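Read the figures in this text as sums done on the coordinates, not as results from a lab. These numbers were taken from a predicted model, which means no experiment stands behind them. Virtual Cβ from ideal backbone geometry, glycine too; neighbours counted across all protein chains shown.
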Amino acid sequence: MKKLNIGLYGFGVVGQGLYVVLQKSKTVDAKILSVCVKHDKERKISRELLTRDQNKILNDPAINVVVELIDDAEEAYHIVKKALLNGKDVVSGNKKMLAAHLEELIQIQKESGRSLLYDASACGSIPIIRNLEEYYDNDLLNSITGILNGSSNYILTQIFKRNKDYSSALKEAQELGFAESNPNLDINGSDSLYKLVIITTHAFGLLVSPDEIFRFGIDKIQNFDVQFAKEKGLKIKLVAKVMKTETGEVSLFVAPSFVRKEEYIFNVEEEYNGVVIEGEFYEKQFMFGKGAGAFPTGSAVLSDITALSHNYKYEYKKQKYFKRPAFTNSVSLTFYLRYNRKDDLRYFDFEEVYEQYTGRGSNYVIGKINLEKLIKIKDVLPGLPVFLGVM
């Protein structure tokens, strides 16, 4: 086991969580030598460790591991890229950056011989990526379905279990540190989407741009939608899914989904994540763990650091040993569409309609829509007062 000298970027919630769990860990010989921060303020750490100079860590020959835990995706990209090129191994938690630059960063790892690990970026404390690399290293996967965002799941739990309205639940999630002061990435589904892109690379060997994937969030949920779900014994969860089609292609989406009692993720509550892996011969397997918070995510980062002490690298086996499937949006799913203005229905091209309701304030349609049709209106959707959910 090699000794790790760490340069840490960012000392926010996760950075502080990592600092605490690293002090208590007896399984890895690792020490933080320097912490790069953006603002000069009081922190629960020796001031001697702090720097505001990015290059100090990148150019320090004593530092052999860079841990990147900052919010800025573009800045994170430059830090991670330069660290790898400078001969340092890297651990990153920046899912937005990884989803946008993974193909290039995989190539840089090959050329530099260094390792980039990011299990903490995908499902909080759930070690999904390493499991996909080591245990599910075959082409027998059919689908991965998950609640990948602890913040949105906490909000939906408060709505369904505690009868709170959306605004109150969101405010509470922010006060507890589960949601950011600007929670858009969590509630509009982007955070789940970035994680799904990363998971898909390890599950199917496929690199898909986030812009090509249908995404819809929970920010437009109304009491009408909640009552509809409750009357039918369902819950609404923000679900990310990648699935193999009957023709062998792969399709992805992130959207609120009406979940039935018999489904594993029905009982995933609060800030927890849950992932269902379904295969051709082993049917369904379920992974469960906290998806938000300082210590769960800090522990996931520590796990990546520990793996580096054993010279671990992702092999990207699905790219290396199997033919990559094609990506497609030509998949039809059953959707619930709640709308307030009749005119908004013109944007939605239903192939079949199974159920329709017209009320005094809100109306809904349940029917089949192709994801390709929804992708075409993705720029219009944010401005429409509608709620979409997969049935």
Practice item. Express in nm, to one decimal, how much length is gained between residue 180 and residue 373 on full extension, taking 0.36 nm for each residue of separation and deducting their alpha carbon distance. Key: 66.3 nm
**Study point:** Calculated from backbone phi, Karplus (6.51, -1.76, 1.60) coupling profile of the stretch 251-262 in Hz, x at Gly/Pro
**Key:** 10, 9, 7, 10, 6, x, 9, 8, 9, 8, 4, 6
Revision key, fill the gap. Env charge @ residue 109, Cβ radius under 13 Å, K,R +1 / D,E -1, value +1
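Quick check: from the Cα gyration tensor, does the stretch 234-344 come out rounded (a/c under 1.5), prolate or oblate?
oblate
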Exercise for review: Name the shape class, rounded, prolate or oblate, that the alpha-carbon gyration tensor gives for the stretch 112-214, where a ≥ b ≥ c are the square roots of its eigenvalues, rounded holds for a/c under 1.5, and otherwise prolate holds if a/b is larger than b/c and oblate otherwise.
Suggested key: prolate
Practice item. Give the dimensionless ratio obtained when the Cα radius of gyration of the chain is divided by 2.2 N^0.38 Å. Key: 1.01
Exercise for review: Before anything else, pin down the relative contact order of the chain: Cα pairs under 8 Å, at least 6 apart, normalised by residue count, whole percent.
Suggested key: 18
Check your understanding: So which GluC sites (Glu not before Pro) in the stretch 268-326 are both in a DSSP loop and have at most 13 other Cβ atoms within 10 Å of their Cβ?
Key -> 280, 315
Revision key, fill the gap. Each label sits 7 Å from Cα toward the beta-carbon; between residue 138 and residue 110 the label points are separated, in nm, by 2.6
Check your understanding: Cα centroids of the stretch 77-137 and the stretch 1-71: how far apart, whole angstrom?
Key -> 18
Point to revise | Cα gyration tensor, the stretch 151-299 - rounded (a/c under 1.5), prolate or oblate | key: prolate
Study note, to complete from the structure: In Å, the Kirkwood hydrodynamic radius from C-alpha pairs for the stretch 235-285 sits at 12.4
Point to revise | Loop-located GluC sites (Glu not before Pro) in the stretch 347-388 whose Cβ has at most 16 other Cβ within 10 Å (DSSP) | key: 351
Point to revise | Helix-only [θ]222 nm of the chain, DSSP H runs n ≥ 4, -39500 (n - 2.57) each, per residue, nearest 500 | key: -10000 deg cm²/dmol
Point to revise | Dipole magnitude of the chain, debye to nearest 20 (Cβ charges: Lys/Arg +1, Asp/Glu -1, about Cα centre) | key: 560
Review point. Starting at 0 and stepping by 10 Å, how many percent of the alpha carbon pairs of the stretch 307-391 end up in each bin?
Key: 14, 36, 17, 13, 13, 6, 0
Point to revise | Karplus-derived 3J(HN,Hα), 6.51/-1.76/1.60, for each residue of the stretch 10-16, Hz, glycine and proline x | key: x, 9, x, 4, 6, x, 5
**Study point:** Local electrostatic count, residue 328, Cβ distance below 9 Å [Lys/Arg +1, Asp/Glu -1]
**Key:** -2
Check your understanding: If you bin the C-alpha pair distances of the stretch 295-342 every 5 Å from 0, what whole percents do you get?
Key -> 5, 12, 9, 9, 11, 10, 12, 12, 8, 6, 3, 1, 0
Revision key, fill the gap. With label points set 7 Å from each Cα along the Cα-to-Cβ direction at residue 41 and residue 59, the distance between them in nm comes to 2.9
Point to revise | Ascending count of other beta-carbon atoms within 10 Å, so fewest first, for 202, 310 | key: 310, 202
Point to revise | Highest to lowest packing among 47-59, 289-301, 88-100, scored as the average C-beta count within 10 Å | key: 88-100, 289-301, 47-59
Revision key, fill the gap. Distance in nm between residue 172 and residue 342 label points, each 7 Å along Cα→Cβ, equals 3.9
Exercise for review: Select from the stretch 312-391 those chymotrypsin sites (Phe, Trp or Tyr not before Pro) which occupy a DSSP coil region and have at most 13 other Cβ atoms within 10 Å, ordered by residue number.
Suggested key: 322
Review point. What are the ³J(HN,Hα) values, in whole Hz, obtained from phi via the Karplus relation 6.51 cos²θ - 1.76 cosθ + 1.60 with θ = phi - 60°, for each residue of the stretch 129-137 in sequence order, with x given for Gly and Pro?
Key: 5, 5, 5, 5, 6, 9, 8, 9, 8
Check your understanding: Cα centroids of the stretch 231-254 and the stretch 308-348: how far apart, whole angstrom?
Key -> 9
Check your understanding: Given the pairs 284/376; 38/171; 95/284; 96/318, which span a C-alpha to C-alpha distance of over 28 angstrom in this model?
Key -> 284/376
